[in-house]
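Input: a single structure, listed below in structure tokens.
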Amino acid sequence: MSVPLVSTKPPGKSWREVNQERKALKRQRNEEKIIKREKRLALEKDLELKAKEEVEREKKNSEISTISIAVPGSILENAQSAELRTYLAGQIARAACIFCVDEVIVYDDVGDKINTKKSKLEDVDGIKIARKSCVQLARILQYLECPQYLRKHFFPLHKDLEFAGLLNPLDAPHHLRMSNDFKFREGITMNKKVKPGKGSQVNVGLLQDVSTDKLLNPGIRVTVKMMPLPEGSKKLKGKIVSLSTPRAETGVYWGYTVRIATNLSQVFTQCPYKDGYDLTIGTSDRGNSIDELPDKGIKYNHALIVFGGLHGIEAALESDEQLQVDEASLLFNHYVNVLPNQGSRTIRTEEAVLVALSSLRNKLQAENEPRVFKDSGIATSSTLPSQKFDTSHHPGVENNIDLSKFD
């Protein structure tokens, strides 16, 4: 039985009309392809432009003027007990936080002349093996700088931190409570499965983790910029930014970093800033009076202030075989006595830090000074009455719950 042929031509239309319709449809498809390609190219160009702006913003953020201090780890060896060693380290941390120091360097001013126990610590440059007192001082400084809700992740039980609970808290602005509604928070990347193309889940000290834009290994401390919560959405979203971004964008002090130097020369040579320290100040009772420095007359971009131990910077220079300098004053732009006509024969290092930073406030002039903090969302004092938790960003939480006890 033969099958009749079925015509593909629509009824009532000539082949010419059918061909014209096909050509018009083909032309329409080509136009749609061109539009899609243009949109894709525009999107790629937009993403490239945003990436370029981000790089420029990060570069601008990194140019903000900073202050670094270098203290010898041997000052802990002069303390009579474990509690006093811990408290001394806490005094250094408090001074650094009060005066908005950006970097604390713990250096070994004794060297290998005296055989002492070594210990390990991870700082900004990786794992370092150094003198035990240096490592303990650096570890306590790191512990106090870390927000409370992150300490259990980064600081397991350790003998160096045995008496850290006795120390006064820094109460730094980046130690945010659950009730604080600020656009930047410190967090840790969590070991949670995420969908392809999605970023890491980050614990920032809130009731739920934040979805970020970058996929990183778990257990890394990151700074997160909180994104506005879309209407009807319950998931918190954020963007991972550099450590300098919060201060650059808001002016709020965002803590200090800690690094270890195994000798005095490494304080200078391992500087994390691209062009190094453009201003170096040494402190010693053999230096010139600090009163001789002009008010706001010393400009800097990255300043370094070095403090000596029990026997001063001169002893640190003598124990460093890499430095071929006869006098300690030749290492610095300024070699100053921070408190002329002192009443005590000696000024302890933890006291010298406070005195020097206080005296130098009126002497130094930052070339790229951070903006003044005018935003809201950070508690001005831990002694203020506990605030009610703002549930506008955290659906599912009752308004009448006071969560201050979880801080």
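Structure notes:
- Note on the chain: dipole from Cβ charges, positive end direction compared against ILE140, HIS311, GLY255; the farthest Cα belongs to GLY255.
- Read-out percent of Cα pairs over 32 Å apart, derived from the coordinates shown; its label in (1) 48; (2) 43; (3) 28: (1)
- This model, with +1 at the C-beta of Lys and Arg and -1 at the C-beta of Asp and Glu, gives the chain a dipole about its Cα centre of some 3320 debye.
- Here the contact order of the chain, divided by its residue count and restricted to Cα pairs under 8 Å and six or more residues apart, works out to 20 percent.
- Filter on LYS152/LYS235; LYS239/LYS363; LYS50/LYS274; LYS50/LYS183 - keep pairs with C-alpha separation over 27 Å: LYS239/LYS363
- The lysines within cross-link reach of LYS118, meaning a Cα-to-Cα straight distance under 22 Å and a gap of 8 or more places when in the same chain, are LYS128, LYS132, LYS159.
- For the stretch 83-212, the relative contact order is 21 percent, taking Cα pairs closer than 8 Å that sit 6 or more residues apart in sequence and dividing their mean separation by the residue count.
- Calculated FRET value between LYS120 and SER344, using beta carbons and R₀ = 35 Å, to 0.05: 0.45
- Percent antiparallel among DSSP beta bridges (both partners in the chain, rounded to 5): 40 percent
- Relative contact order of the stretch 25-155: 24 percent, from C-alpha pairs under 8 Å at least 6 residues apart in sequence.
- Helices in the chain, meaning DSSP H runs of at least 4 residues, each add -39500 (n - 2.57). Divided by all residues, the mean residue ellipticity at 222 nm is -9000 deg cm²/dmol.
- Under 26 Å of direct C-alpha separation, and excluding same-chain neighbours fewer than eight residues apart, LYS23 reaches these lysines: LYS9, LYS13, LYS33, LYS36, LYS39.
- The stretch 165-258: chymotrypsin sites (Phe, Trp or Tyr not before Pro) in DSSP loop, at most 16 other beta carbons within 10 Å: none
- Ranking LEU166, ASN191, LEU206 by Cα position along the charge dipole of the stretch 158-248, where only Lys, Arg, Asp and Glu carry charges on their C-beta atoms, puts ASN191 farthest toward the positive end.
- Within the stretch 133-253: Cβ-based charge dipole about Cα centre, in debye rounded to nearest 20 (Lys, Arg +1; Asp, Glu -1): 580 debye
- Projecting label points 7 angstrom from Cα along Cα→Cβ for GLN324 and LYS234 puts them 7.0 nm apart.
- Low-density loop cleavage sites - GluC sites (Glu not before Pro) in the stretch 77-172, where at most 16 other Cβ are within 10 Å (DSSP): GLU162
- Unit charges on C-beta of K, R, D, E only; dipole of the stretch 236-349, Debye: 800 debye
- Charge-dipole axis of the chain as Lys and Arg at +1 and Asp and Glu at -1 on Cβ define it, positive-most pick from ALA95, ALA352, ASN301: ASN301
Rule-based calculations on the coordinates, nothing more; no lab input. This is a predicted model, so every value here is computed, not measured. We place every Cβ from the backbone using ideal geometry, glycine too, and count neighbours over all the protein chains shown.
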